[in-house]
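Report on the following structure.
The values are calculated or read from the model by the stated rules, or taken from the named source; none is laboratory data. It should be emphasised that the depicted structure is a prediction, and the values quoted were computed from it without experimental measurement. Cβ placement follows ideal geometry from the backbone for every residue including glycine, while neighbour counts extend to all protein chains displayed.
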Amino acid sequence: MPGLAESVGNLGRNRFVSSPTGPRHLLGVALLLATSFALFFSSPTARAQGRVETDARALQKKAMGEDYLATDFAYAQEKLEKAITMCGTAKCPPQLRSSLKRDLAVIQIGARADREEAIANFIEAIKIDSSAALDPDVKTKDLEQAFAEAKKRVATNATRSPGHSPQGDFTHAPVAAQQERTPIPVYAEYAGEEPIVKAKVRYRGFGMTEWKAAELQKIGENGWGAELPCADVLQGTTEYYLLGFNEDNDPVAIGGDRVNPYRVPIKKEKLAEPPHLPNAPPPTQCEDTGDCPPNFPGCVKASARAAADASKVEPVGKEGGEFCEDASECKSNQCVNARCVDYQRRMNKAPRIWVGVAGALDYSFVPSADDVCKLRTPGATPVNDANYYCTRSDGSDYPSRDPGMAAENDSIRLSREGGRDRIAPGGGTLGNIRVMLTVDWAINDNVLLGARLGLVLNNYPGSEAEVDGKRFAMPVHLEARATYVFGKDALAKKGFAPYVFGGAGLAQFETRMPVRVVEDPRAGTGRTERDVDAWRIAGPAFVAIGGGARYAVTPRFALMAGARVNLAFIHAFASSVAPEIGGQIGF
């Protein structure tokens, strides 16, 4: 830039020395200075915003020009949401931010997603740019109706900013406040022109990420009322809005909406004048369930009255398989691919039957013992009382029980005589390998009851323990199990969830420990030492507890990884721990 500054200085000096037209040259200098400063001090932020706008337009072009036309709605929505996040509230021109919101609503209508959410995005588009309009190339009847509804709500101030009273077709005043864990009474009178045969309230309590729905019951000639469930009334603020439906189950009336809902502050203390529905007593507070996990056995989730209130009215709406545009039209409050989900299927959201495979590797703990291979004479049973049996490297029993081989047993030197036929000290070592088929029945969206049936590998290869009645003969694992998966509707949705379990059954629990036996050379064996395996045989009855993490890749396929603790008893007591991994498919 020094050259530019020098040129400007020269122009100035020439002006005072020789120019007969001073003012005109002075204006030129001023313009040159302004241009120089503008170029030199051009804002990096402005340049960054230009890049953001370019990137956002590119994402919008791919979303609408490629993904939308190919009906890849999920990819299109992902790109538009990314562009909206990039633009924020001021990094892109209003017209671009408005068109992004408009296109997002177009995608949601095309994908038959939540119609109310699409209308809310149309409303935001109109509020950002009042001249917003549908793209003629993608215009459909459904889009025109949703866009017209958004314009109507904007025009009638139904979506004014928070702090103003929501407007609509219902005459309604929310209660001033409610105590926590106490049902919120909602009463409204319909003041619209088109007759309605059903009404709903869609609400969201403090901390809830999704809107829930509750049926409004007819009260009097024009009144509709209900109580929002106490379990969803938590300290903070509860929001809700109203919807009315005609005989065709189409939403034709509103009271507030998602953008500007009714709001009720929730208090910890008891209210002096508790609110209530017309001609009804004030609702009572539900029990405090503390941190009781959902569907956990033995936990009380609500008072008897609340449970009765929740079950006395069955939802109404379209049955499973009927055409729908919005979830609120369906009895199940769920609309997928333009069809209502069956109500009973919605009530039992998780697959009921889960089938899979699992594997575990035991790390067993064995006690110390003397004379683990030496046999009693007569009887040919082990001297030790810890249920150890020895085998050679080829898997045959050691010492041999053949009467003609009695000298082999006689040659084993006892521990007190300097022999090494002992496990000292005891400790831990790798034990059995378990490969199991798993079958579970989901009694609700958190609890599984089932069984494990499998093979036990890396086990005792001899036969004498079975002959002596000191071993479970079959190399199988039989287990009954109960599993609890933490989290609301944990078995019905994707993602991570911790779990705990308890089980009991029958299985082999056998652990190998290497032993060096000293043989007395006077027996004429020609050997002084022999390396053999001492097998600790425990079980077969056992109990197990454990836990871990479950990752649902989809609502019907999950991977599980955790650890288990086994306590085996009857022939001998043994404890072991084992990592356990597996997968499940739901039906």
### Query
How many of the residues making up the range 400-413 are part of a loop (DSSP other than H, G, I, E, B) and either touching a helix residue (DSSP H, G or I) at 6+ places or on another chain (Cβ under 8 Å) or exposed (fewer than 15 other Cβ atoms within 10 Å of the Cβ) (or both)?
4
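Given the criteria among the small types (G, A, S), modelled with pLDDT of 80 or more and surrounded by fewer than 20 Cβ atoms within 10 Å (Cβ to Cβ), does G359 qualify? Talk me through it step by step, then tell me what you get.
Details: among the small types (G, A, S): yes; modelled with pLDDT of 80 or more: yes; surrounded by fewer than 20 Cβ atoms within 10 Å (Cβ to Cβ): yes.
Against the criterion (among the small types (G, A, S), modelled with pLDDT of 80 or more and surrounded by fewer than 20 Cβ atoms within 10 Å (Cβ to Cβ)), G359 qualifies.
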### Task
May I ask you to list the residues in the range 50-92 that are touching a residue at least 40 places away in the same chain (Cβ under 8 Å) and not aromatic (F, W, Y)?
V52, E53, A56, Q60, A63, M64, K91, C92
### Task
Answer with yes or no whether A465 is modelled with pLDDT of 95 or more and more than 17 Å from A549 (Cα to Cα).
yes
### Filter result for the condition that a residue is buried (at least 20 other Cβ atoms within 10 Å of the Cβ), in contact with a helix residue (DSSP H, G or I) (Cβ under 9 Å, 6 or more places away or on another chain) and not charged (D, E, K, R), over A544, A558, A538, A534
A558
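Out of the residues in the range 508-531 that are in a strand (DSSP E or B) and in contact with a Lys or Arg (Cβ under 6 Å, 6 or more places away or on another chain), which is modelled with the highest pLDDT? Walk me through how you get there before you give the answer.
At the first step, the residues of the range 508-531 found to be in a strand (DSSP E or B) are 509-519, 529-531.
Checking the rest, the ones that are also in contact with a Lys or Arg (Cβ under 6 Å, 6 or more places away or on another chain) come to 511, 516-519, 529, 531.
Values: T511: 97, R516: 91, V517: 91, V518: 88, E519: 85, E529: 86, D531: 93.
Residue satisfying both the conditions and the ranking: T511.
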### Task
Would you check if L414 is within 30 Å of P382 (Cβ to Cβ) and at pLDDT 95 or above?
no
#### Entry: Every residue from the range 474-506 that is under 8 Å from the mean Cα position of the chain (by Cα) and not in a strand (DSSP E or B)
G487, A490, K493, K494
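Residues that are charged (D, E, K, R) and either more than 28 Å from the chain's Cα centre (by Cα) or modelled with pLDDT under 55 (or both): which helices (runs of 4 or more DSSP H) entirely in the range 15-113 hold 3 or more of them? Step through it out loud before you land on a result.
Values: elements: 22-40, 44-62, 73-87, 94-110.
Qualifying helices (runs of 4 or more DSSP H): 44-62, 94-110.
Quick check on this structure: which one of D397, D489, D421 is at pLDDT below 95, under 27 Å from V517 (Cβ atoms), among the acidic types (D, E) and surrounded by 14 or more Cβ atoms within 10 Å (Cβ to Cβ)?
Details: D397 fails: at pLDDT below 95; D489 fails: under 27 Å from V517 (Cβ atoms).
Residue meeting the stated conditions: D421.
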